[in-house]
């Protein structure tokens, strides 16, 4: 990934926070002479290794668990808040018109070589952790124990667990760092005027990230 110094996010805690808040990752690996791409939710274990470990599962019918490269690291991409930025939002447009549209976004790339996790106990632990991470915000959180144990066991036979120890992790925060203070205020105001969650999240990032 191309990351100008201006947009580099070196804070591991910030990278982990984005993974947790946007857990649907795009997993890309080499296999069978081509690139294989899947979209699956991940759970991050920050205590494993220097950069953490990612866990997910795929359908047993999905051949990726048999084909993924054991020698070339996979890449998992996590997309955070993003938003189109119109040049009409910049006060500087009125001065000389030397502005163009752009797109603000945040993204994390995690690299590592996957391994298979396929014992019933490990799968149950993963499913419990994944469910808890997503159900915590529900008024009445669903738990694996809410379903019959034999049903969960039956369903688990149809999936394969994957663990990816993170060997390298990079983040790119493109959030109007290159604009003047007045242009950044214009971006924040316009994004908030959009009145949607994605724009509101990006407005907050523009406010919080220092200009460079």
**Asked** Condition test on residue 81, is it touching a helix residue (DSSP H, G or I) at 6+ places or on another chain (Cβ under 7 Å), surrounded by fewer than 13 Cβ atoms within 10 Å (Cβ to Cβ) and at pLDDT 95 or above?
**Response** no
**Item:** Lone qualifier among 179, 192 - being assigned to a loop (DSSP other than H, G, I, E, B) and surrounded by 13 or more Cβ atoms within 10 Å (Cβ to Cβ)
**Value:** 179
**Message:** Cβ-Cβ under 8 Å, sequence separation 6+ or interchain: first residue in region 90-108 and over 19 Å from residue 204 (Cβ atoms), partner part of a strand (DSSP E or B) and at pLDDT 95 or above. Which pairs?
**Reply:** 101/84; 101/85
**Asked** Residues of region 118-133 being farther than 30 Å from residue 204 by Cβ and surrounded by fewer than 17 Cβ atoms within 10 Å (Cβ to Cβ), which ones?
**Response** 118, 119, 120, 121, 122, 124, 125, 128
**Qualifying positions in region 66-77 - crowded, with 22+ Cβ neighbours inside 10 Å and over 14 Å from residue 168 (Cα atoms)** = 68
**Message:** For the condition within 18 Å of residue 21 (Cα to Cα), crowded, with 18+ Cβ neighbours inside 10 Å and touching a strand residue (DSSP E or B) at 6+ places or on another chain (Cβ under 9 Å), what is the one hit in 171, 204, 161?
**Reply:** 171
**Item:** Selected residue (only one of 87, 46 is closer than 20 Å to residue 173 by Cα, surrounded by 14 or more Cβ atoms within 10 Å (Cβ to Cβ) and in contact (Cβ under 8 Å) with a residue 12 or more places away in the chain)
**Value:** 87
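The values are calculated or read from the model by the stated rules, or taken from the named source; none is laboratory data. This is a predicted model, so every value here is computed, not measured. Quick reminder, even Gly has a Cβ in these numbers, built from the backbone with ideal geometry, and neighbours come from all protein chains shown.
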